[in-house]
1. Name the residue that is farthest from Ala176 (Cα to Cα), counting only residues in segment 103-130 that are surrounded by fewer than 23 Cβ atoms within 10 Å (Cβ to Cβ) and of a type in the set (Val, Ile, Thr).
2. Against the condition closer than 30 Å to Cys104 by Cα, touching a residue at least 12 places away in the same chain (Cβ under 8 Å), open to solvent by 10 Å² or more (accessible area, probe 1.4 Å) and not in a loop (DSSP other than H, G, I, E, B), how does Glu251 come out, does it pass?
3. Kindly evaluate Thr164 against the criterion of being open to solvent by 10 Å² or more (accessible area, probe 1.4 Å), farther than 26 Å from Ala37 by Cα, among the polar types (S, T, N, Q) and at pLDDT 95 or above.
4. Given the criteria assigned to a strand (DSSP E or B), at negative phi and of a type in the set (Ser, Thr, Tyr), does Thr39 qualify?
5. Of Ala428, Ala371, which residue is under 24 Å from the mean Cα position of the chain (by Cα), in contact (Cβ under 8 Å) with a residue 24 or more places away in the chain and within 17 Å of Ser331 (Cβ to Cβ)?
6. If I filter segment 272-288 for residues that are in a loop (DSSP other than H, G, I, E, B), at pLDDT 95 or above and among the β-branched types (Val, Ile, Thr), do I get at least one hit?
7. Any residue at all in segment 301-315 that is over 21 Å from the mean Cα position of the chain (by Cα) and either part of a strand (DSSP E or B) or touching a residue at least 12 places away in the same chain (Cβ under 8 Å) (or both)?
8. Note down all Cβ pairs under 8 Å where the first residue falls in segment 173-194 and is free of Cβ contacts under 8 Å to residues at least 24 places away in the same chain, the second is of a type in the set (Phe, Trp, Tyr) and surrounded by 19 or more Cβ atoms within 10 Å (Cβ to Cβ), and they're at least six residues apart or on different chains.
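The values are calculated or read from the model by the stated rules, or taken from the named source; none is laboratory data. None of these values were measured; they are calculated from a predicted model. Counting neighbours? That spans all protein chains shown, and the Cβs are built from the backbone with ideal geometry, glycine included. For the accessible areas, the whole protein counts, side chains as well, though only heavy atoms, and no ligand, DNA or RNA atoms are used. Shrake-Rupley method; radii C 1.70, N 1.55, O 1.52, S 1.80 Å.
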Amino acid sequence: MSTLNRPDLEQPVTDLAQLTDFLRRGARPAADFGVGAETEKLVIDSESGEAAPYSRIRQLLEQLATDRPWTEVREEGEVIALLGEHSSITLEPGGQIELSGRFCPDIHCCEGDFAAHVAAVVRAAEPLGLTFLGLGVQPFTPLEKIDWLPKSRYGIMGPYMERTGDMGQRMMKQSAGLQVNLDFEDEEDAVFKLRLGQALAPLLYALFANSPFMDGRPSGFLSTRGEIWSRTDPDRCGLIPALFADGASLETYTDYALDVPMYFIVRDGRYLDLTGRRFTFRRYLAEGFASHRATLADWDLHLSTLFPEVRLRPQIEIRSSDSLPQGLTLSVAALLKGLFYDRDTAETAWCLLWPGDIDALHRSYRQSWKAGLQTRQNGRLLRDLARDVLELAWQGLRRQQRHNHHGCDETVYLDPLQQIAEEGVTLAERLLRDWRGERRHDLAMLKRHCAFRLEV
């Protein structure tokens, strides 16, 4: 997600209430609800399968900027992002490419943006010998052989992550996921959706598990990306238990965010490193940093550096899915829109998924990226829960009655998930069945599975 500093938020923070009020600003009337999809893809050399170096990804962005009316964003002369009227193309630390599409009224609108984006990047990439994979982790290239994107923020985050976990840099340079942004109507609705999104995390990891390889071999996980995130930074990743407590509110999320150490602030276009000591936003409010005092822009930037399974920025962002093949990418947004924008459906899903205590949810969560749909949650296999939850999402989308110009409603985006749920076999397990440990064969297999192309 883009984290460009917002000049409209320069007012100083003088009390904690401003921070929670910033979150409340995200509320919208239900009639105005929308959905946003952020899709990350791995960029590889088409012949070798190795992660593409930044020098070639830079060529790709420069070519895209000549083909469409994008505005280049540069840092120290290097292009690092493209901004459009309603969307952006950004790069993750290891060169993964991400489309942040417009915030749309329905999945059909998201699909239009996504299809145009895929067509543009594939056409630009083919002459450069580049291929995009909808896969959760780089399959072949080891960490030390992947270039860092030339952004100064990563010069701060990378070394810090070496101190907080043993896989933080893998998260930055080797992983790719999908994020879905959703609305809430008021504070009660926001807290309910934050809880439901966390209760859904094991099912999302299992249903969309698509990263069984790392460093050229099977990793032992169906979602290696899930394992990577769990070993990145316990302060800012995983579940937020406090949100399940009776009386939880948006102030609960504020308190959580206040006590997470900061990476940096931005002044005059420069990142100021705050990682030399454990320096939380709460401490920043009390003490300041050098001559600088906290602003809402600092708060907004800090919120963008928190990576729980569900976060507020201030819209709700759900982050538990691996990057997926082209034809499955929008199924994540469809599933969540069907559940979250129909309250009866959402409450039924909550009853199915919530095991009654956070420890039980944690056990399912940690098991889901290894056992996939054979994980147990609330007394049932995720395979069985997946069928019920898909049916609920189908009903929710039916009732929302958003049709495309062919007369199809949004349930068409759930169709690719039916086989996974019915068979109980994840994408990752299918890949493992076809893996031989021979590069030419395995690269061809991965391209068939998840390479983006002009026609699906």
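1. Applying the filter and picking the extreme gives Val122.
2. Yes; evaluated as a whole, the condition is true for this residue.
3. For Thr164, the condition - open to solvent by 10 Å² or more (accessible area, probe 1.4 Å), farther than 26 Å from Ala37 by Cα, among the polar types (S, T, N, Q) and at pLDDT 95 or above - is met.
4. Yes.
5. The match here is Ala428.
6. yes
7. No, the conditions are met nowhere in segment 301-315.
8. Filtered contacts from segment 173-194: no entries.
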